[in-house]
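A quick write-up on the structure given underneath.
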Amino acid sequence: MNTALQKVDQRKAHITLRVNGEEVEVSFAPYKTLLEVLREELDLTGTKHGCELGECGACAVLVDGEPLLSCLKLALECDGASIETVEGLAEGPELHPLQAAFSDHGGSQCGYCTPGVLMTAKGLLDREPNPSRERIKEALSGNLCRCTGYQQIVDSVADAARTLRERGVKA
Amino acid sequence: MMRLPWFQYQRPASVAEAARMLAAEGPRGMLIAGGTDLLPNMKRRQQTPATLISLSRVEGLKKITNGSGLTLGAGLTLTEVVGTGAVREKYRGLWQAAAQVASPHLRNMGTLGGNLCLDTRCNYYNQNEEWREAIGYCMKKEGKTCWVATASKRCLAVSSTDTAPALIALDAKVRLVSAAGERELALASLYNNDGINYITRKPDEILTEVVLPQLDGWSSTYWKLRRRGSFDFPLLGVAAAARMAPDGSVLEARVVLGAVSSQPLPLAKASEFLVGKKLNDEVIAEAGVLAASRAKPMDNTDLDVYWRKEVVPSFVGYALREIRGDDMRAMRMRISRQAL
Amino acid sequence: MSTAKRLDVIGHARRRVDGREKVTGQLRYADDMKLPRMLHMKLLRSSHPHALIEAIDTARAQAYPGVHLVLTGKDFPVPFGIMPVAQDEYPLAPEHVRYVGDPLAAVVATDEQTASAALQLIEVKYKPLPTIATPEEALAQPEVRIHDYTDVGNIHRNQAFEFGDVEEALSKSDHVFEDLFFYEGDNHMAMEQHASLARAEGEGKLTLWSSTQDPHYLHRQLARVLQMPAAHIRVIACDNGGGFGGKCDPAGHEFVVSKAALMLGRPVKICLTREEVFYLHRGRHPVLMKFRTGVTKDGKLTGMHLQTLLDGGAYGSHGPASTFYTGVLTPLTYELPRFKFDACRVFTNKPACGPKRGHGTPQPRFGQEVQLDKIAEMLKRDPAELRLNMVTQANSLTASWLKIGSNGLAECIRQVVAGSGWKQKHGKLPQGRGVGIACGSYMCGAGVSIYWNKMPHSGVQLALDRSGQVTVFCGATEIGQGSDDVLAAIVAETLGISTKEVRCITGDTGITPIDLGSYSSRVTIMMGNAALQAAGRARDMIVTAVAEQLEVLPESVVLSRGRVFAAGDAAKSMSFAEAVVYAESKFGTLGTVGSYTPPKPPGKFKAAGVGPSPAYSFSACVVEVEVDEHTGWINVPKVWIAHDIGRALNPVLARGQVIGGVYMGLGEALMEEQVFRRLPPKLSSALVHKIPSLLEYKSITSLDMPEVEVMLVEDPDPNCPFGAKEVGQGPLLPVMPAVANAIFDAVGVRIDEVPLTPEKVLRALHLKREGKNPRVGPERFPDVPYPEPTFVLPPGEGGDGNESKMAKRADRVMERSAS
């Protein structure tokens, strides 16, 4: 592996991303995943990591609207993509209904899985404004949580969906 | 943080260009589609390609052609496969299999082609480099012994794809394209019963399409055994497809097992046994016994190996009862934790 | 203060004080920290389960471009260990590695990728030693020494206590039940992987940010290992991304980053990979248990002899405490006139076990509650009624001298029985479906500190000023359980303001008064009582100043909802901030302190300090299962749980803790296991963690989690702030045995070990069909050389809490054998 290292081109890669609505250019070592670029190059540490192998969901973000695992997404493949992270969820000082519901209804305890869960839930509600509890559980079945036993997470998503529907706004 | 090793990255725009690049790189190059199988393996240094050739911008790999039968681009994500109406309506076994791969996020990323080419798995092999060093490595990578069965001459890593058994039961073919040309191959022939040389795809070939035949009058299903309702690879997959006469007797049948061998296991005997018979409880039970005799689960994944063999007839039974028309929804919820 | 006052904050569901930070991604966990000139560290870990290090060559790693420092065991001559009696671990192993994953060298480099590459250039020459994989091997091969400080072979701790003559009690019982149980080990699996960042400051001073539950103990250990004055070290516990006991021990990497930062004069960070977290471990001990329990024909317990054997892994960790905890809390739930327990912890060549949620008690609780189910079955009694008939009483002493204060166990049982429809279900559901019941009890904080001292267990400082701002300082650590919210709520309630007006500064040994840490469910009670005292003192000052200003009696001054006013006179009212101005004018700069020290335990015998607590919580749980008789497949559709919490300070959080405890208990019941693989000894000496990943270490997903119905039983405990008892650990305890008992109700088989897998159920069903004992579980208990017990007469037999002369007992034994 180290002999291979000598031969490999270690120049940085350069891409343009749209992160939480803002265009950013970023240079990075090309082996970095989207997770590493968000956290280490863009200082967006709201996105967490629990395994870096696609086994926990802590790093979930929306890429072009779809919940993906940033730990298994080559940053190189995100050139031109639109990324949404937990930092972009609130509008100004106003919490997104999902955020408000999670902090009011026990959806977040230690908070570590929360960003991944929130972004996954947003991906769900953007497509399905009125999901059943079963559908919410299915959509979140790729996000491990160690604190809540999921019940208050499901409560929170259901509550946020209700709020969003009442507002008649797209999440 | 688990990190990828250094690599070169190429991003072709067409299948032809990708095939040329792959040929030029030789064994140093690997294709990357969804990356959900390859990247964890690279992070654990099980696979360390010098060059990744990305299929992300290759045109045409997401094409769905609905004519006589159905052709699915290999670059469709599993979520896209699940969302394809024709799959859900006509090829239910594939729909059920694709819907149970890994987790929702991984299905949003992983592709149909990637699931068919999935590296065989083994918990002596799917480990970090340091862990593998601690056991002196294994036959599949850098070592000599297969620790699953130390007398084994071949690697016993297990085929863990969900969609392949389902597609083989549906008599699917795959299209493979290389710089030298292309060929179509029965999906069953894509695999070898060898944990290392598990696939007959040549290193310079790209799997571009899955071709499903028109299947009038067939019904199909897929049942998956795993510990949890999400994430886990199969410990047993049972795919079944059958065409029945109006009187309920079986005209044609194909039963395929997954995750009990280094390749998806078409059960010729059990399938032949069903032909001409009505799927009553006795017939189903006997088919289950025939199926179990072929299953060789290994102690290299989750749950007890003898138990996994013992429950094969039950799972074959679930599949055949569903084909027969039984209401299996409650059982499905208990096993799969979701309605399918 | 008057407790009759209407509560504005306590008991009301409200947004937790740290809620907003957690949902916006603002909260900084340790690995989110980044400092200028920061370097990164990776650890080299042993690839051998047991070996001597003959040589380490770090020259190539040191020369690798981007590497700043390479450290090995010789840089750390002083060992550490959370318990004073078990200082047996080095930050980097100097000469002896004891499990695969034991850290032995470190590389600090410009980035992780470089550090990882350089690690591979370190050459280690090992001399392999024979390995010990199980407690049975540890006992059978005393000549293989994992540690040389043990008295006998690999026995780390060995102890025995007897409260009243148990053999006599058993001999007079109508029935004696003897059962073996096994509880597999498991990992905390907090979602956040441990991370630490160290920075050298000033003249040789150190600040360490870390994912730790116990910054105070870490602080003490850093001073010891780095041989620095404690006053020169500041430990900041970052909010933990989950703890569950896994971040209680000081960890090797915390010392190594600190040393590296001091040597380099640059910040150094490490974040463990998930695999490394499984190696650091300190999780649930695998425990083999033997219960001999006497009962009368009408279903009362007469005595119990409990023996436990703990697989400790390679180091001491909290082991001395863990060993006690496999026995001491057993008598809390049911009247048990006599009790004896023998407990032994041995070393094995695996990652060290330690404290995990319930610390040492889920294992015997599993055995005890499953055995009770067997007793009920044999006596043809309803298992819920049997329990209800013998619950311990409030304000009583157990045979083992634990003082029970408030006790809502009976009410918990009544509520789960009613809520679950138990009477219509138990023994009455169709074949393949069943319900099971079990109970549990847990401490509200350990009554004594980990190191002996007479100082408070928790301290709180309060600062108020003319702006109306209230800042509360406490060493307690937020690990997700909501301790900051508890702190803010108690201060807010006392001062009549909202939690939004309280700023919490916690878990920082440089600026917060000492709190022992987030373990043993102690924070609500101990920090809460200290906060109550500090806030009460501030309130008194405000009341005095305001009474003077308003010319009313101090007794009539009320603080509520941000106002300070005279009761009954609406004109005499001011804002809280105005009131603070009067107080500051009268008293000068405002600051108060509060502290809490638990009451002295009633037992006076040696080791009577383990188990006593200011209060105990109680829980009862009913689980419903469906079991497939062809496959043994287990499905849990629903769980009912009642928890005696004293008072719920924030009901949303309290319920979340209960459901979370049920979740973790179900995981342990059904799938979680930290297990190891030994390769064929003729071909390999490898002994490795079988599944160090989140994919293969199975934890419950949202799709596997049943609905949980929570009932909070609120019977305020006088020792606790606003009556609030613990809720973080207790609700886990009854879950595993309730599942096992439900499986019995469903299909008539006994699985006497966890995890309860379909394979074991099917095996037991086969035994049942063959007419054999339909049970799967441990078959034998090895000969453990337990010591002669410390004999203490129970309170009911005229004891005074001291150890009794063994002679007295021997006389009785002789008398008995003569008669």
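The values are calculated or read from the model by the stated rules, or taken from the named source; none is laboratory data. Remember, it's a predicted structure, so these values are computed and weren't measured experimentally. Glycine gets a Cβ as well: all are built from the backbone with ideal geometry, and neighbour counts include every protein chain shown. Accessible surface areas use protein heavy atoms only, side chains included; no ligands, DNA or RNA. Shrake-Rupley method; radii C 1.70, N 1.55, O 1.52, S 1.80 Å.
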Task: Scope segment A:10-30; condition within 12 Å of another protein chain (Cβ to nearest Cβ) and open to solvent by less than 10 Å² (accessible area, probe 1.4 Å); matching residues - done: A:ILE15, A:PHE28
- [ ] Check B:GLU59, B:GLU89 and return the single one that is away from chain A (no Cβ under 11 Å), in a loop (DSSP other than H, G, I, E, B), acidic (Asp, Glu) and out of contact with any Asp or Glu (no Cβ under 9 Å at 6 or more places or on another chain).
- [x] B:GLU59
Task: Number of positions in segment C:479-507 that are within 21 Å of C:GLN221 (Cβ to Cβ) and either open to solvent by less than 10 Å² (accessible area, probe 1.4 Å) or assigned by TED's automatic domain parsing to the domain that holds C:VAL658 (or both) - done: 1
Open item on the list: Every residue in segment B:4-47 that is of a type in the set (D, E, K, R), open to solvent by less than 20 Å² (accessible area, probe 1.4 Å) and not in a loop (DSSP other than H, G, I, E, B), please.
Closed with: B:LYS43
TODO: Name every residue in segment C:227-255 that is touching a helix residue (DSSP H, G or I) at 6+ places or on another chain (Cβ under 6 Å) and either away from chain A (no Cβ under 14 Å) or among the small types (Gly, Ala, Ser) (or both), in order of residue number.
DONE: C:ALA230, C:ILE233, C:VAL235, C:ALA237, C:PRO250, C:ALA251, C:PHE255
Open item on the list: Looking at A:LEU53, A:LEU76, A:LEU42, can you tell me which residue is aliphatic (A, V, I, L, M), open to solvent by 10 Å² or more (accessible area, probe 1.4 Å) and touching a helix residue (DSSP H, G or I) at 6+ places or on another chain (Cβ under 9 Å)?
Closed with: A:LEU53
Open item on the list: Would you confirm whether or not segment B:50-61 contains a residue that is in contact (Cβ under 8 Å) with a residue 60 or more places away in the chain and surrounded by fewer than 18 Cβ atoms within 10 Å (Cβ to Cβ)?
Closed with: yes
- [ ] Looking at (1) out of contact with any helix residue (DSSP H, G or I) (no Cβ under 9 Å at 6 or more places or on another chain); (2) among the aliphatic types (A, V, I, L, M); (3) within 14 Å of chain A (Cβ to nearest Cβ), find the lone condition where B:ALA16 falls short.
- [x] (3)
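Residue by residue, here is whether (1) more than 29 Å from A:GLY50 (Cα to Cα); (2) crowded, with 22+ Cβ neighbours inside 10 Å; (3) within 14 Å of chain A (Cβ to nearest Cβ) holds:
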{"residue": "C:LYS127", "(1), (2), (3)": "yes, no, no"}
{"residue": "C:LEU139", "(1), (2), (3)": "yes, no, no"}
{"residue": "C:ASP151", "(1), (2), (3)": "yes, no, no"}
{"residue": "C:GLU184", "(1), (2), (3)": "no, no, no"}
{"residue": "C:ASN187", "(1), (2), (3)": "no, yes, yes"}
{"residue": "C:ALA200", "(1), (2), (3)": "no, no, no"}
Open item on the list: Every residue in segment C:430-451 that is farther than 21 Å from C:ILE404 by Cβ, open to solvent by 60 Å² or more (accessible area, probe 1.4 Å) and in contact (Cβ under 8 Å) with a residue 12 or more places away in the chain, please.
Closed with: C:GLN431, C:ARG433
- [ ] Name the residue, out of C:PRO91, C:PRO65, that is surrounded by fewer than 24 Cβ atoms within 10 Å (Cβ to Cβ) and not small (Gly, Ala, Ser).
- [x] C:PRO65
Task: Subset of segment B:217-246 [open to solvent by less than 10 Å² (accessible area, probe 1.4 Å), more than 14 Å from chain C (Cβ to nearest Cβ) and of a type outside the set (S, T, N, Q)] - done: B:TYR222, B:GLY237, B:ALA239, B:ALA240, B:ALA241, B:ALA242
Task: Meets criteria (modelled with pLDDT of 95 or more, touching a Lys or Arg at 6+ places or on another chain (Cβ under 9 Å) and either hydroxyl-bearing (Ser, Thr, Tyr) or open to solvent by less than 20 Å² (accessible area, probe 1.4 Å) (or both)) for B:TYR137 - done: yes
Task: Residues located in segment C:462-479, provided they are of a type in the set (Gly, Ala, Ser) and outside any loop (DSSP other than H, G, I, E, B) - done: C:ALA463
Open item on the list: If C:HIS12 satisfies all but one of (1) within 14 Å of chain A (Cβ to nearest Cβ); (2) within 30 Å of A:THR85 (Cβ to Cβ), what's the number of the condition it fails?
Closed with: (2)
Open item on the list: Would you confirm, using the coordinates I've provided, whether B:GLU130 is within 14 Å of chain C (Cβ to nearest Cβ), open to solvent by 30 Å² or more (accessible area, probe 1.4 Å) and not aromatic (Phe, Trp, Tyr)?
Closed with: yes
TODO: Collect the residues in segment C:306-349 that are among the small types (Gly, Ala, Ser) and either open to solvent by less than 10 Å² (accessible area, probe 1.4 Å) or assigned to a strand (DSSP E or B) (or both), keeping them in residue-number order.
DONE: C:GLY312, C:GLY313, C:ALA314, C:GLY316, C:SER317, C:GLY319, C:SER322, C:GLY327, C:ALA343
Task: Options C:THR392, C:THR333, C:THR348; residue that is among the β-branched types (Val, Ile, Thr) and touching a Cys at 6+ places or on another chain (Cβ under 6 Å) - done: C:THR333
Task: Of all residues in segment A:89-100 being among the small types (Gly, Ala, Ser) and facing chain C (nearest Cβ under 9 Å), the one that is surrounded by the fewest Cβ atoms within 10 Å (Cβ to Cβ) - done: A:ALA90
TODO: Say whether the condition of being within 14 Å of another protein chain (Cβ to nearest Cβ), within 13 Å of the chain's Cα centre (by Cα), touching a residue at least 40 places away in the same chain (Cβ under 8 Å) and assigned to a loop (DSSP other than H, G, I, E, B) is met by at least one residue in segment B:165-173.
DONE: no
Open item on the list: Anything in segment A:38-57 that is among the hydrophobic types (A, V, I, L, M, F, W, C) and closer than 12 Å to B:MET1 by Cβ? List them, or say none.
Closed with: A:CYS51, A:LEU53
Open item on the list: Testing B:VAL158 on (1) within 15 Å of the chain's Cα centre (by Cα); (2) away from chain C (no Cβ under 14 Å); (3) β-branched (Val, Ile, Thr), one condition comes back false. Which one is that?
Closed with: (2)
Task: Selection within segment C:632-684 - facing another protein chain (nearest Cβ under 9 Å), open to solvent by less than 10 Å² (accessible area, probe 1.4 Å), in a loop (DSSP other than H, G, I, E, B) and in contact with a strand residue (DSSP E or B) (Cβ under 9 Å, 6 or more places away or on another chain) - done: C:LEU679
Open item on the list: Which count do you get for residues in segment A:113-153 that are away from chain B (no Cβ under 13 Å), in contact (Cβ under 8 Å) with a residue 12 or more places away in the chain, in a helix (DSSP H, G or I) and more than 17 Å from the chain's Cα centre (by Cα)?
Closed with: 1
